[in-house]
Amino acid sequence: MMEGANATILVGWSLSAMLSAAALLISIAGDLRRGTHLAAAALLVAAALALYTHDVMALPQICAALITGGAVGLALGRGIPRSRIPLLMSGLVGLAGLAAVLVGGAALRDPHAFGLLDDVSDRLRIVGAAGIGAGVSCGAMACGGATAMLRGGRADRWHILIIAVLLLAAGGAAAAFIVAPDPARLLACIGVALVAGWAVTKRALLAGMGPALAVVSGFAGWAVAASAFLMENMPMAVAGGLAGAAGSLFGIRLCVFAERKGLAHAGRRP
């Protein structure tokens, strides 16, 4: 982080937070277009601050990628039918999960670049291994969930016990990697998490596309939080954690209590 820039950083993050809050309030009021514009402005400010507060080696390439991605997203958003927007959103969320998986792999390959090595033993610190395992697991589950949504087909009524076993297996694979970090265990962690994300999302699809998208977004939010922790970007970690908690709780609310009145009631407003 740059020295002497604390006031600038504080003002920037405050502006981003206020824009996000305004976007949420305006969207709830019914003006979705203006809310979307404010949310995009908040993300732009947050991205600019992330670049400003870190030593970036390939800034021109990053800016080019941001411009290209924004152009592709704008073209897709304008050209796709409204009924297919949830599928587009699931694909974009899956890409966020894939990015978290790649960040975790890069951190394992070169932990020195991420500052994750212990000064005494010159080995990967347990905190760094935990961040890699959590980010990769949640990112892989987001990828698996997004794939399940994009593939379409019939929603599968996976038994809840099978889903619980898969989630426990994903957690166990991540724990095994944390205890002894190596590429083979990381690949096993990715594989189990992909299947778990697929199963959870297929079950959520029984309640509709919205609940499934909320679940996948929750996975991606947790993955972003873990990746931000590895990069020592605490505001991004907080934002990812909030997104992960909101998506997970909202998805559970819609899936578990779908037949009750409230947010999941199909015929009434909350």
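The values are calculated or read from the model by the stated rules, or taken from the named source; none is laboratory data. It should be emphasised that the depicted structure is a prediction, and the values quoted were computed from it without experimental measurement. Using ideal geometry, Cβ is built from the backbone for each residue, glycine included, and neighbour counts are taken over all protein chains shown. When the accessible area is computed, the model is the full protein with side chains, heavy atoms only, and any ligands, DNA or RNA have been set aside. Shrake-Rupley method; radii C 1.70, N 1.55, O 1.52, S 1.80 Å.
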Looking only at the stretch 70-95, count how many residues are over 17 Å from the mean Cα position of the chain (by Cα) and either under 16 Å from residue 220 (Cβ atoms) or not charged (D, E, K, R) (or both).
-> 13
List every residue pair whose Cβ atoms sit under 9 Å apart, with the two residues 6 or more apart in sequence or on different chains, where the first one lies in the stretch 72-83 and is under 18 Å from residue 95 (Cβ atoms) and the second, anywhere, is open to solvent by 80 Å² or more (accessible area, probe 1.4 Å).
-> 73/92; 76/92
Would you tally the residues in the stretch 104-135 being touching a residue at least 60 places away in the same chain (Cβ under 8 Å) and at negative phi?
-> 11
Quick one: residue 158 ticks every box in (1) part of a loop (DSSP other than H, G, I, E, B); (2) touching a residue at least 60 places away in the same chain (Cβ under 8 Å) bar one, so which box is it?
-> (2)
Which residues, taken from the stretch 196-214, are at pLDDT 90 or above and either open to solvent by 70 Å² or more (accessible area, probe 1.4 Å) or touching a Leu at 6+ places or on another chain (Cβ under 6 Å) (or both)?
-> 196, 198, 199
Criterion violated by residue 128 - all others in (1) assigned to a helix (DSSP H, G or I); (2) surrounded by fewer than 24 Cβ atoms within 10 Å (Cβ to Cβ); (3) out of contact with any Phe, Trp or Tyr (no Cβ under 8 Å at 6 or more places or on another chain) satisfied = (3)
Candidate set: the stretch 247-256, residues that are open to solvent by 60 Å² or more (accessible area, probe 1.4 Å) and out of contact with any Leu (no Cβ under 8 Å at 6 or more places or on another chain); chosen: the one farthest from residue 223 (Cα to Cα) = 256
Scan 66, 87 and give me the residue that is part of a helix (DSSP H, G or I), surrounded by 11 or more Cβ atoms within 10 Å (Cβ to Cβ) and at pLDDT 80 or above.
-> 87
Please indicate, with yes or no, whether at least one residue in the stretch 132-146 is aliphatic (A, V, I, L, M) and either over 20 Å from the mean Cα position of the chain (by Cα) or surrounded by fewer than 17 Cβ atoms within 10 Å (Cβ to Cβ) (or both).
-> no
Can you pull out the residues in the stretch 156-190 that are under 23 Å from residue 126 (Cβ atoms) and small (Gly, Ala, Ser)?
-> 169, 170, 171, 172, 173, 174, 175, 176, 180, 184, 188
Does residue 25 satisfy the criteria of being open to solvent by less than 60 Å² (accessible area, probe 1.4 Å), part of a helix (DSSP H, G or I) and either touching a Ser or Thr at 6+ places or on another chain (Cβ under 8 Å) or at pLDDT 75 or above (or both)?
-> no
Name, by its number, the condition in (1) buried (at least 16 other Cβ atoms within 10 Å of the Cβ); (2) in a helix (DSSP H, G or I) that does not hold for residue 184.
-> (1)
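Before we move on, is residue 10 at pLDDT below 80, under 30 Å from residue 82 (Cα atoms) and either more than 20 Å from the chain's Cα centre (by Cα) or part of a loop (DSSP other than H, G, I, E, B) (or both)?
Details: at pLDDT below 80: yes; under 30 Å from residue 82 (Cα atoms): no; either more than 20 Å from the chain's Cα centre (by Cα) or part of a loop (DSSP other than H, G, I, E, B) (or both): yes.
Judged against the criteria, residue 10 is not a match.
Select from the stretch 152-173 the residues that are under 27 Å from residue 207 (Cβ atoms) and buried (at least 19 other Cβ atoms within 10 Å of the Cβ) and list them in ascending order. Full working, then the answer.
First, pick out the residues of the stretch 152-173 that are under 27 Å from residue 207 (Cβ atoms): 152-171.
Matches in the stretch 152-173: 166, 170.
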Verdict on residue 116 being under 25 Å from residue 234 (Cα atoms) and open to solvent by 40 Å² or more (accessible area, probe 1.4 Å) = no
In the stretch 28-47, what residues are buried (at least 16 other Cβ atoms within 10 Å of the Cβ), small (Gly, Ala, Ser) and closer than 22 Å to residue 63 by Cα?
-> 39, 41, 42, 46
